[in-house]
1. Which order do the peptides 128-141, 100-113 come out in when sorted by mean C-beta neighbours inside 10 angstrom, highest first?
2. For labels at residue 284 and residue 2 in the simple 7 Å Cα→Cβ model, what's the distance in nm?
3. Using a Gaussian network model on the chain with a 10 Å cutoff between Cα atoms, which of 21, 186, 59 fluctuates the most?
4. To make sure I understand, if each residue's beta carbon is the centre and we count other beta carbons within 10 Å, what order do 227, 150, 125 fall in, fewest to most?
5. Please work out the Cα center distance from region 76-142 to region 249-280, rounded to the nearest Å.
6. Region 144-236: percent of C-alpha pairs farther apart than 24 Å?
7. Cα convex hull of the chain: how many Å³ per residue?
8. Taking every pair of alpha-carbon atoms in region 160-298, give the share separated by more than 26 Å as a whole percent.
């Protein structure tokens, strides 16, 4: 396993981690400059932040500072209650993929969606199998565009608590089954696949089959991204109370060891949503803490 204790060469900051500073929105260009000032050489921006700043502006800053993107957040949300909605979702995913290409991201991360309308509190139906079928169809339809643009797609399984409203793919095994169904890999296949997975410890740490899933993903070179934070106990909000690495119960180094043993050699991307804690602090403190904990707890 790589030694992170001496530097933060392999640290990436998901820009949601500092989307607020002292409770106030922090513009993406300011986040980028703060990362560059600290020698952080990779980020993973969110689409809404990119749109607010302007794609051309963000693309220019990325190139000016020689930044890498460990991923682009996010595509997905493929499910809908009618054909018009399904087409709108596919069109938006194609736009997201084009943006990821403009920013030269390592992958487009997919949060796949779940029961249509559930995120707004009005689920159109209760058929999760139908939602999963729409997800498979949506990814398959997007994959052709992804291959043409040479932009890998990373399915991110989310914790089962999000199965109704954000993602009906909830385990690494499910995500890999989707990959195999949409883009089969023959034994000993050469070259990287166009479809893979993002392993986020917040969503996967509890899974008793996680190690086996990571080993399986490694055999087909499907690990495209690795996200870190921690699981607080108690958790005050299941969406927006992620912990800083080392402040919770996840054995992050063990999981990173499995991921690296499976062949992943990319960035550890810090992704923290924290309404009551880290988003209330100065962003400078948050970034400095990310650097310190990347050395000591990742």
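1. Top of the packing list down: 100-113, 128-141.
2. 2.8
3. Looking only at 21, 186, 59, the largest GNM fluctuation is found for 186.
4. 150, 125, 227
5. Here the answer is 25 Å between Cα centres.
6. Values: 946 of 4278 pairs.
Counting every Cα pair in region 144-236, those more than 24 Å apart make up 22 percent.
7. 128
8. Working: 2613 of 9591 pairs.
Looking at region 160-298, the distances longer than 26 Å represent 27 percent of pairs.
None of the figures in this text is laboratory data; all of them are computed from the coordinates on show. Remember, predicted model here, so these are calculated numbers, not experimental data. Note that each Cβ is placed from the backbone with ideal geometry, even for glycine, and that neighbours are counted across all protein chains shown.
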